[in-house]
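The structure appears right after this line, and notes come after that.
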Amino acid sequence: MIAYKPKCVLITGATSDFGRSFAHKFAAHNVKLVLHGRNRDKLQALSNELDVHHHLMVFDCNDEDSIVKAFDTLPAEFQDIDLLINNAGGALGGDRFHESPLDDSLNMVGANITSLISISHKALQLMSKNKRGHIINIGSIAGNWPYPGGHVYCASKAFTRQFSLALRADLDGTNIRVTNIEPGMTETEFSLKRFKGDANKADAVYAGATPLQADDIAETVYWCATQPEHVNINSLEIMPQRQSFGPLAVERS
Ligand code: 8X3
C-alpha cells in the first residue's frame, strides 16, 4: 500500500533507458503521464507501448523557445503535474577536458543544466499554483565523486545536486518536494552515447561488473515519489554492490 500517489508525472528524456523504465513503472500504477522526447518517432513508439492516459511533448532541450511553447500548449487535463522527473541529458566524451571538443562540454551544459533550469521553472509555476508537487532530479554519483575525463559531466551533476538542495530551501512552505537521485554505474545506452557509438568502449564499462539496471533506478524513483507527503528524500546515492571507491591519485617523481 503506497502512501502517496502522484496524479500526473512529467518525464523528460522519456525515450532513453531510464526514462522508458520510469514511464512503464508509473504506467503500471495507472498514473497519468506527460512524456518528453527529442525524437518524435521514438516517443511515438513508447506511446504505443502504454495504455495509460498520456500526452507527448517533443522538443530539443537546447531550444528554449520550444520548451516554453511545450508548456504553454499543455492541455488543461495535464496541468496538474505533481511530479517532474528531470531525466534528460547525459555525458559526451571521456577524454581530458582540454583535449575534448568544446562543443561536447557546452552541449552537456545545455542539456544537463540550462534545460533542467528552464523545465523546472515552468513546472514549478504549475505546481505552486496547485500547491503540491515534487521534482525528482536524476543526478549521478559523478556529482559527488570526480573522475578523470568526467570534468563538465561531473560538474553538471554537482550543479544538479546543489540546485536540488537550494530549491528545497526556496520551496519551504509550498508543499513541493525535491529529491536528487544519484545513480552509479547503470547498464544503459549512457556509455554508448558518451562514447559516440563505440560499442567496444561502452561494453568495457560494464564488463564483468554486475551494474545497476534502469529498473533498479525506476524502483528507487517510485519509492521516493510515493512516500507520505510529510517525507522528503533530499538525496539518494545508489551504486552497484561491486562498485566502490578507490584511493586518491598521487603523482610521484
Ligand atoms: C553515470 C554514473 O559513474 O558513469 O552518471 O559517471 S558514472
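With respect to G89, is the statement that it is surrounded by 15 or more Cβ atoms within 10 Å (Cβ to Cβ), more than 16 Å from the ligand (Cβ to nearest atom) and on the phi > 0 side of the Ramachandran plot true?
no
Given the criteria free of Cβ contacts under 8 Å to residues at least 24 places away in the same chain and among the small types (G, A, S), does G173 qualify?
yes
Checking L56 against (1) under 25 Å from Q227 (Cα atoms); (2) modelled with pLDDT of 95 or more, which test does it fail?
(1)
How do the helices (runs of 4 or more DSSP H) wholly within the range 142-253 filter down when requiring 3 or more residues that are under 21 Å from N86 (Cα atoms) and touching a Ser or Thr at 6+ places or on another chain (Cβ under 6 Å): which remain?
Once the helices (runs of 4 or more DSSP H) in the range 142-253 are filtered for at least 3 residues that are under 21 Å from N86 (Cα atoms) and touching a Ser or Thr at 6+ places or on another chain (Cβ under 6 Å), what remains is 214-225.
Of all residues in the range 206-224, which are touching a residue at least 40 places away in the same chain (Cβ under 8 Å) and touching a Pro at 6+ places or on another chain (Cβ under 8 Å)?
Residue satisfying the conditions is I217 alone.
Given the options D51, D63, name the one that is surrounded by fewer than 14 Cβ atoms within 10 Å (Cβ to Cβ) and acidic (D, E).
After ruling out the rest, the residue left standing is D51.
Which condition number in (1) within 16 Å of the ligand (Cβ to nearest atom); (2) within 26 Å of V68 (Cβ to Cβ); (3) surrounded by 20 or more Cβ atoms within 10 Å (Cβ to Cβ) is the one that I119 fails?
(1)
Taking the conditions exactly as written (more than 26 Å from R194 (Cα to Cα), at pLDDT 95 or above, surrounded by 22 or more Cβ atoms within 10 Å (Cβ to Cβ) and out of contact with any helix residue (DSSP H, G or I) (no Cβ under 7 Å at 6 or more places or on another chain)), does V31 satisfy them or not?
yes
State the number of residues belonging to the range 131-155 that are under 23 Å from L106 (Cβ atoms), within 11 Å of the ligand (Cβ to nearest atom) and touching a strand residue (DSSP E or B) at 6+ places or on another chain (Cβ under 8 Å).
First, pick out the residues of the range 131-155 that are under 23 Å from L106 (Cβ atoms): 137-140, 142-143, 146-155.
When the remaining residues are screened for being within 11 Å of the ligand (Cβ to nearest atom), the result is 138-140, 142-143, 146-147, 149-150, 153-154.
Then drop every residue that is not touching a strand residue (DSSP E or B) at 6+ places or on another chain (Cβ under 8 Å), which leaves 138-140, 143.
Total satisfying the criteria: 4.
Could you count how many residues in the range 11-38 are of a type outside the set (D, E, K, R) and either in contact (Cβ under 8 Å) with a residue 60 or more places away in the chain or within 15 Å of G89 (Cβ to Cβ) (or both)?
Looking only at the range 11-38, we keep the residues that are of a type outside the set (D, E, K, R), and these are 11-16, 18-19, 21-24, 26-31, 33-37.
Checking the rest, the ones that are also either in contact (Cβ under 8 Å) with a residue 60 or more places away in the chain or within 15 Å of G89 (Cβ to Cβ) (or both) come to 11-16, 18-19, 21-22, 24, 26, 29, 36-37.
Looking only at that region, the number is 15.
Any chance the range 145-163 includes a residue that's of a type in the set (K, R), under 21 Å from T179 (Cα atoms) and in contact (Cβ under 8 Å) with a residue 40 or more places away in the chain?
Yes; the residues of the range 145-163 include at least one that is of a type in the set (K, R), under 21 Å from T179 (Cα atoms) and in contact (Cβ under 8 Å) with a residue 40 or more places away in the chain.
The values are calculated or read from the model by the stated rules, or taken from the named source; none is laboratory data. These figures come from a predicted structure and were not determined experimentally. For neighbour counting, all protein chains shown are included, and Cβ atoms are generated from backbone atoms with ideal geometry for every residue, glycine included.
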